[in-house]
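Enquirer: Quick one: this structure, given as structure tokens, is what I'll be asking you about.
Every number in this text was worked out from the coordinates using simple rules, so none of it is lab data. These numbers come from a predicted model, not from an experiment. Glycine gets a Cβ as well: all are built from the backbone with ideal geometry, and neighbour counts include every protein chain shown.
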Amino acid sequence: MKNAVSRLASVAARYPTESAPRFAAPCRAAELLDLQGATGLPLPAEVRSLLSTHSSIVAIDIHKGYWIGGPTNLARSVRRGDYPTFVEAETGRVRAQPVATDGGGNAFLITETGDVWRWDHETGGTWHVAESFEAFLNRIADDWEHYLAEDRGWVYLV
């Protein structure tokens, strides 16, 4: 997990200051508890580890925007019913909670089994994007690297 966050920070450092991703200070324990209370699910250890280091990683100026974490905003959105609480996996319906959003109103959900799915707010559809939260963060780092290289052929998560 630390390797994925270090990789994100390393890629972020190569961006111009005005568009560089921002890594926020750690969140408070109360924010973690509030998010858990809103979702009714325990936070996966990988997510808890990230939020305990950076309450959010915001990269709105990269492609269509990335917002990882932000427990207060995620909890508020969950209470409003903005995001689904389940995904339809091959094995059936699995409970999920948001861990990130993009600049277009879509969300990334982590399931009880640790898989990460993308939810499209316009269609309500979901699709699998990573086997773990760490793999998800590494995929975002891939996006950031390709955006920096102006790779027009790359298929971004957002």
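Enquirer: Let's test the formula: R0 of 30 Å, r as the Cβ-Cβ distance of Arg22 and Glu88. What FRET efficiency results, to the nearest 0.05?
Expert: 0.30
Enquirer: Further question on the same structure: What do you get for the angle between helix 2-12 and the principal long axis of the chain? Use alpha-carbon atoms, 0 to 90 degrees, nearest ten.
Expert: With rounding to tens, the tilt is 40 degrees.
Enquirer: Need one number: nm distance between label points at His146 and Thr123, each 7 Å from Cα along Cα→Cβ, rounded to one decimal.
Expert: For the pair His146/Thr123, the computed spacing is 1.8 nm.
Enquirer: Within 10 Å of each candidate Cβ there may be at most 15 other Cβ atoms; applying that plus a DSSP loop requirement, which trypsin sites (Lys or Arg not before Pro) in the stretch 97-158 survive?
Expert: The qualifying sites are Arg152.
Enquirer: Within 10 Å of each candidate Cβ there may be at most 16 other Cβ atoms; applying that plus a DSSP loop requirement, which GluC sites (Glu not before Pro) in the stretch 61-154 survive?
Expert: Glu90, Glu112, Glu122, Glu131, Glu150
Enquirer: Only loop residues by DSSP count here, and only those with at most 13 other Cβ atoms within 10 Å; note down the chymotrypsin sites (Phe, Trp or Tyr not before Pro) in the stretch 95-154 that meet that.
Expert: Listed in order of number, the matching sites are Trp154.
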